[in-house]
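One structure below.
The values are calculated or read from the model by the stated rules, or taken from the named source; none is laboratory data. The structure displayed is predicted, hence computed values, not measured ones. All Cβ positions, glycine included, derive from the backbone under ideal geometry; neighbour counts span all protein chains shown. What goes into the accessible areas is simple: the full protein's heavy atoms, side chains included, and nothing from ligands, DNA or RNA. Shrake-Rupley method; radii C 1.70, N 1.55, O 1.52, S 1.80 Å.
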Amino acid sequence: MKKKLLILLTCFSIFQITSFISMSQADAPTPGSSTDPVITKSYFDQNTLSEAKVKELVAATLAANGSQPSAGGSTSAPATMKVVQLQNGQTLYAGAGAEFIVRTGKVLAVSNDENGIPDVTGGKDLPAGTEVALNHLLIFPAEGRGIKPSPKNTADIFVMVRGSYLLLNADGSTAAQ
């Protein structure tokens, strides 16, 4: 009786495995069908963008828009980065869409509302009063936000800025640049 039960279980297991394998093979597309086409090398070469073709398309687009690629092959950005030195007591406010990268020194996030500053590198919003990490890209979606030196700062503060900004002294006057 035990032998019959063992043979029956073995046959049933083999049947289950065989049906599982045939089901997974049925889901695979047939090579050369419309869902899995076979193409020739010449078709692939004609319909694939080479690096030279991409550079040609970029150059043509830039020429149509009035920009020229630089000697290195990359395009010159419409708004270039400017290095701004931030002194103790000053606040650097960003215009809408501006980008800051703090290169040296310790600075704190400033905001005139409860919204934070997007730290793209860190993947989080920085609420007002939070220390900004060096070399992190900050993007300012609206005006009224910026950075100021931390009370703990003892080093020179240099910030790379792209876009509009306003540098104010502690008394609210515009700082000379």
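Once the C-beta distance of D113 and T154 is scaled by a Förster radius of 41 Å, the resulting FRET efficiency is 0.85 to the nearest 0.05. Carbon-plus-sulfur accessible fraction, the range 73-177 (probe radius 1.4 Å, protein heavy atoms only): 52%. Per residue, the range 106-177 exposes 55 Å² of accessible surface when a 1.4 Å probe is rolled over the protein heavy atoms with every protein chain present. Taking Cβ atoms as reference points and 11 Å as the exclusive limit, the residues near Y93 contribute a net charge of +1, counting Lys and Arg as +1 and Asp and Glu as -1. Spin-label pair H136-K3: with each label point 7 Å from Cα along the Cα-Cβ axis, the two points sit 7.5 nm from one another.
Can you tell me the FRET efficiency between I17 and V38 if r is taken as the Cβ-Cβ distance and R0 is 25 Å, rounded to the nearest 0.05? E between I17 and V38, to the nearest 0.05, is 0.20.
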